[in-house]
Amino acid sequence: MMQTDVLRDFDRLVQRAFNTQLSSEPVHAMPMEAWRDEEGFHAEFDLPGMDAQQIEMVVEKSILTIRAERAKPEGRQYIAGSERLWGQFSRELVLGDHLDPASIQARYADGVLRLDIAVAEAAKPRRIKISTAAKGEAPKELAS
């Protein structure tokens, strides 16, 4: 199992460093917008013209991988212009310890994939009680 993880990590490193995949098909990045608010982390990815079934999301350790594929239409002869991207799309996000991977919610509508990830409980601010004591008295707890 450890060897598989090492090989997978090495494959990711090679893909990032040389922008390659093991297949001959090019892999395109998907445009993304990300932000954070009081409720957590949010991201939107542009994936127009795809069905939700064509999108795959996997969380492994702290890496969220999103993959999708848009098949090139068949039977188009004499193309006058082509600016649309076809083939594989992929994006990896490293989720920090402050996010809860189990809370990921994904919605796909109007060609946009939206992710909402809650802040982990351990990363949320919490109040700490402070105890005080006068000479000869037992400590009293105070809320800060």
List the residues whose amide H sits under 5 Å from the amide H of Ala120, counting only those 5 or more places along or on another chain, with H placed 1.01 Å from N in the peptide plane.
Leu99, Asp100
Using all C-alpha to C-alpha distances in region 36-120, build P(r) with 10 Å bins and read off the rounded percent in each one.
15, 43, 26, 11, 5, 0
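Just so you know, all these numbers are worked out from the coordinates, no wet-lab data involved. This is a predicted model, so every value here is computed, not measured.
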